[in-house]
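Colleague: Please read through the structure below; I'll follow up with questions.
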Amino acid sequence: MHLSRVVRRVGVAAGLGVGTAGAMAGVLLLGPLAASVLLVVVFVLVWPLAAVVRHVTEEAPYGSAALVAASAAGAVLCLPGLVRLLAWGALGVTAGLILAVVFVLIDLVVPDRGVHRPASPRKSLRQRNLERLTDAQLAEDEQLIASLQCPLSIAELCGVWSETATQLAHGAGARDRQAVAEVRRICLDEFERRNPTGFHRWLDAGAPANPSRYLLPIPGE
(Lines give C-alpha, C1' and ligand atoms only; values in the text may rest on other atoms or scores of the structure.)
Protein backbone atom coordinates (compact mmCIF):
# COMPACT_ATOMS: atom_id res chain seq x y z
CA MET A 1 0.00 0.00 0.00
CA HIS A 2 2.90 2.33 0.76
CA LEU A 3 4.41 1.65 -2.66
CA SER A 4 1.06 2.32 -4.32
CA ARG A 5 0.84 5.71 -2.59
CA VAL A 6 4.36 6.65 -3.71
CA VAL A 7 3.67 5.60 -7.27
CA ARG A 8 0.45 7.60 -7.25
CA ARG A 9 2.25 10.72 -6.00
CA VAL A 10 5.00 10.34 -8.59
CA GLY A 11 2.42 9.95 -11.35
CA VAL A 12 0.52 13.04 -10.26
CA ALA A 13 3.74 15.07 -9.99
CA ALA A 14 4.88 13.94 -13.42
CA GLY A 15 1.50 14.80 -14.89
CA LEU A 16 1.66 18.25 -13.35
CA GLY A 17 5.12 18.74 -14.82
CA VAL A 18 3.98 17.77 -18.30
CA GLY A 19 0.88 19.93 -17.90
CA THR A 20 3.02 22.89 -16.86
CA ALA A 21 5.18 22.40 -19.94
CA GLY A 22 2.04 22.30 -22.07
CA ALA A 23 0.67 25.43 -20.43
CA MET A 24 3.91 27.31 -21.03
CA ALA A 25 3.95 26.20 -24.66
CA GLY A 26 0.29 27.25 -24.93
CA VAL A 27 1.15 30.72 -23.68
CA LEU A 28 3.98 30.96 -26.23
CA LEU A 29 1.64 29.73 -28.96
CA LEU A 30 -1.35 31.97 -28.19
CA GLY A 31 0.40 34.90 -26.55
CA PRO A 32 -0.03 36.12 -22.94
CA LEU A 33 -3.19 38.15 -23.65
CA ALA A 34 -5.03 35.44 -25.58
CA ALA A 35 -4.00 32.79 -23.04
CA SER A 36 -5.28 34.92 -20.17
CA VAL A 37 -8.60 35.52 -21.92
CA LEU A 38 -8.93 31.78 -22.59
CA LEU A 39 -8.28 30.93 -18.95
CA VAL A 40 -10.81 33.47 -17.69
CA VAL A 41 -13.53 32.41 -20.14
CA VAL A 42 -13.20 28.70 -19.39
CA PHE A 43 -13.07 29.38 -15.63
CA VAL A 44 -16.22 31.54 -15.73
CA LEU A 45 -18.07 28.92 -17.80
CA VAL A 46 -17.11 25.87 -15.73
CA TRP A 47 -17.28 27.28 -12.20
CA PRO A 48 -21.10 27.77 -12.00
CA LEU A 49 -21.72 24.37 -13.60
CA ALA A 50 -19.37 22.62 -11.17
CA ALA A 51 -20.98 24.43 -8.23
CA VAL A 52 -24.47 23.32 -9.31
CA VAL A 53 -23.36 19.70 -9.79
CA ARG A 54 -21.68 19.69 -6.37
CA HIS A 55 -24.82 21.06 -4.73
CA VAL A 56 -27.42 18.75 -6.27
CA THR A 57 -25.57 15.41 -6.22
CA GLU A 58 -25.81 13.09 -3.24
CA GLU A 59 -22.05 12.38 -3.22
CA ALA A 60 -20.02 15.05 -5.02
CA PRO A 61 -16.79 13.68 -6.55
CA TYR A 62 -14.87 16.85 -5.66
CA GLY A 63 -14.70 19.36 -2.85
CA SER A 64 -14.20 22.73 -4.56
CA ALA A 65 -15.98 24.03 -7.64
CA ALA A 66 -13.31 26.72 -8.06
CA LEU A 67 -10.58 24.05 -8.16
CA VAL A 68 -12.50 22.13 -10.84
CA ALA A 69 -12.92 25.30 -12.92
CA ALA A 70 -9.23 26.20 -12.57
CA SER A 71 -8.21 22.66 -13.56
CA ALA A 72 -10.49 22.77 -16.60
CA ALA A 73 -9.08 26.14 -17.67
CA GLY A 74 -5.52 24.87 -17.32
CA ALA A 75 -6.37 21.70 -19.26
CA VAL A 76 -7.85 23.72 -22.13
CA LEU A 77 -4.69 25.82 -22.29
CA CYS A 78 -2.48 22.71 -22.09
CA LEU A 79 -4.04 21.00 -25.12
CA PRO A 80 -2.69 23.35 -27.82
CA GLY A 81 0.56 23.61 -25.87
CA LEU A 82 1.09 19.85 -25.85
CA VAL A 83 0.36 19.74 -29.57
CA ARG A 84 2.96 22.46 -30.03
CA LEU A 85 5.49 20.48 -27.97
CA LEU A 86 4.94 17.40 -30.12
CA ALA A 87 5.37 19.54 -33.20
CA TRP A 88 8.79 20.58 -31.93
CA GLY A 89 9.82 16.94 -31.97
CA ALA A 90 12.63 15.76 -29.70
CA LEU A 91 13.11 19.26 -28.28
CA GLY A 92 9.49 19.51 -27.14
CA VAL A 93 9.44 15.98 -25.68
CA THR A 94 12.69 16.66 -23.85
CA ALA A 95 11.28 19.87 -22.35
CA GLY A 96 8.21 18.00 -21.13
CA LEU A 97 10.31 15.21 -19.61
CA ILE A 98 12.60 17.70 -17.86
CA LEU A 99 9.68 19.47 -16.19
CA ALA A 100 8.13 16.12 -15.25
CA VAL A 101 11.39 15.04 -13.56
CA VAL A 102 11.68 18.40 -11.78
CA PHE A 103 8.15 18.12 -10.39
CA VAL A 104 8.76 14.53 -9.28
CA LEU A 105 11.95 15.55 -7.47
CA ILE A 106 10.15 18.43 -5.77
CA ASP A 107 7.34 16.09 -4.71
CA LEU A 108 9.80 13.57 -3.28
CA VAL A 109 11.64 16.27 -1.32
CA VAL A 110 8.51 17.91 0.11
CA PRO A 111 7.14 15.76 3.00
CA ASP A 112 3.69 14.29 2.63
CA ARG A 113 1.83 16.14 5.39
CA GLY A 114 -1.50 14.64 4.52
CA VAL A 115 -0.55 10.99 5.21
CA HIS A 116 -1.69 10.93 8.83
CA ARG A 117 -4.73 13.16 8.28
CA PRO A 118 -7.58 11.08 6.89
CA ALA A 119 -9.87 13.16 4.72
CA SER A 120 -13.32 13.57 6.20
CA PRO A 121 -15.99 12.21 3.88
CA ARG A 122 -18.17 14.79 2.25
CA LYS A 123 -21.69 14.77 3.62
CA SER A 124 -24.44 13.86 1.24
CA LEU A 125 -27.32 16.18 0.41
CA ARG A 126 -29.65 14.03 2.50
CA GLN A 127 -27.35 14.28 5.52
CA ARG A 128 -27.14 18.06 5.15
CA ASN A 129 -30.95 18.29 4.94
CA LEU A 130 -31.32 16.12 8.06
CA GLU A 131 -28.87 18.33 9.94
CA ARG A 132 -30.79 21.45 8.94
CA LEU A 133 -34.04 19.77 10.04
CA THR A 134 -32.47 18.80 13.37
CA ASP A 135 -31.23 22.36 13.90
CA ALA A 136 -34.73 23.68 13.19
CA GLN A 137 -36.22 21.24 15.71
CA LEU A 138 -33.68 22.23 18.34
CA ALA A 139 -34.44 25.90 17.74
CA GLU A 140 -38.15 25.18 18.16
CA ASP A 141 -37.50 23.35 21.43
CA GLU A 142 -35.28 26.16 22.67
CA GLN A 143 -38.06 28.67 21.99
CA LEU A 144 -40.48 26.55 24.00
CA ILE A 145 -38.03 26.24 26.87
CA ALA A 146 -37.26 29.96 26.75
CA SER A 147 -40.98 30.73 27.01
CA LEU A 148 -41.13 28.66 30.21
CA GLN A 149 -38.26 30.62 31.69
CA CYS A 150 -40.34 33.77 31.68
CA PRO A 151 -42.22 34.57 34.92
CA LEU A 152 -45.20 32.24 34.50
CA SER A 153 -47.51 31.87 37.43
CA ILE A 154 -47.25 28.74 39.52
CA ALA A 155 -50.76 27.78 38.38
CA GLU A 156 -49.62 27.92 34.76
CA LEU A 157 -46.57 25.83 35.60
CA CYS A 158 -48.79 23.25 37.27
CA GLY A 159 -50.86 23.14 34.09
CA VAL A 160 -47.74 22.62 32.01
CA TRP A 161 -46.65 19.78 34.31
CA SER A 162 -50.03 18.08 33.94
CA GLU A 163 -49.89 18.42 30.15
CA THR A 164 -46.43 16.87 29.98
CA ALA A 165 -47.58 13.99 32.19
CA THR A 166 -50.46 13.35 29.77
CA GLN A 167 -48.09 13.54 26.81
CA LEU A 168 -45.74 10.99 28.35
CA ALA A 169 -48.64 8.70 29.25
CA HIS A 170 -49.83 8.63 25.64
CA GLY A 171 -46.33 7.93 24.30
CA ALA A 172 -43.79 10.35 22.85
CA GLY A 173 -40.90 10.16 20.43
CA ALA A 174 -37.25 10.57 21.37
CA ARG A 175 -37.25 14.27 20.45
CA ASP A 176 -40.46 14.94 22.38
CA ARG A 177 -39.19 13.10 25.45
CA GLN A 178 -36.04 15.20 25.46
CA ALA A 179 -38.01 18.43 25.25
CA VAL A 180 -40.49 17.25 27.92
CA ALA A 181 -37.62 16.33 30.26
CA GLU A 182 -36.17 19.84 29.97
CA VAL A 183 -39.61 21.42 30.48
CA ARG A 184 -40.28 19.34 33.59
CA ARG A 185 -36.84 20.18 34.98
CA ILE A 186 -37.65 23.88 34.72
CA CYS A 187 -41.02 23.30 36.38
CA LEU A 188 -39.38 21.42 39.26
CA ASP A 189 -36.89 24.25 39.81
CA GLU A 190 -39.71 26.81 39.87
CA PHE A 191 -41.87 24.68 42.21
CA GLU A 192 -39.05 24.35 44.72
CA ARG A 193 -38.06 28.01 44.46
CA ARG A 194 -41.57 29.45 44.84
CA ASN A 195 -43.16 27.03 47.31
CA PRO A 196 -40.56 24.76 48.93
CA THR A 197 -42.98 23.49 51.61
CA GLY A 198 -45.67 22.52 49.12
CA PHE A 199 -43.02 21.14 46.79
CA HIS A 200 -41.74 18.71 49.42
CA ARG A 201 -45.29 17.71 50.40
CA TRP A 202 -45.95 16.96 46.74
CA LEU A 203 -42.80 14.83 46.51
CA ASP A 204 -43.69 12.97 49.71
CA ALA A 205 -47.08 12.19 48.17
CA GLY A 206 -45.34 10.48 45.22
CA ALA A 207 -45.35 13.50 42.83
CA PRO A 208 -48.85 12.95 41.35
CA ALA A 209 -49.63 14.27 37.87
CA ASN A 210 -51.52 17.29 39.25
CA PRO A 211 -49.29 19.20 41.68
CA SER A 212 -51.64 22.17 42.03
CA ARG A 213 -53.35 20.85 45.19
CA TYR A 214 -49.97 20.90 46.95
CA LEU A 215 -48.45 24.04 45.47
CA LEU A 216 -51.41 26.39 45.14
CA PRO A 217 -53.02 28.02 48.17
CA ILE A 218 -56.19 26.30 49.34
CA PRO A 219 -59.22 28.61 49.08
CA GLY A 220 -60.22 29.92 52.50
CA GLU A 221 -56.77 29.62 54.00
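The values are calculated or read from the model by the stated rules, or taken from the named source; none is laboratory data. Just so it is clear, the model here is predicted, and its values are computed rather than measured. Don't worry about glycine lacking a Cβ; one is built from the backbone with ideal geometry, like all the others, and counts go over all protein chains shown. For the accessible areas, the whole protein counts, side chains as well, though only heavy atoms, and no ligand, DNA or RNA atoms are used. Shrake-Rupley method; radii C 1.70, N 1.55, O 1.52, S 1.80 Å.
Colleague: Once R0 is set to 30 Å, what does the formula 1/(1 + (r/R0)^6) return for the Cβ-Cβ distance between residue 176 and residue 213, expressed as a FRET efficiency to the nearest 0.05?
Modeller: Computed FRET efficiency for residue 176 and residue 213 comes out at 0.65.
Colleague: Accessible surface of residue 182 in the full protein assembly, 1.4 angstrom probe, to the nearest 10 Å²?
Modeller: 60
Colleague: Report the extension gain between residue 193 and residue 37 in nm, rounded to one decimal, defined as 0.36 nm multiplied by the number of residues separating them, less their alpha carbon distance.
Modeller: 48.9 nm
Colleague: Keeping all protein chains in place and using 1.4 angstrom, which order do 71, 64 fall into by accessible surface area, from largest down?
Modeller: Putting 71, 64 in descending order of accessible area: 71, 64.
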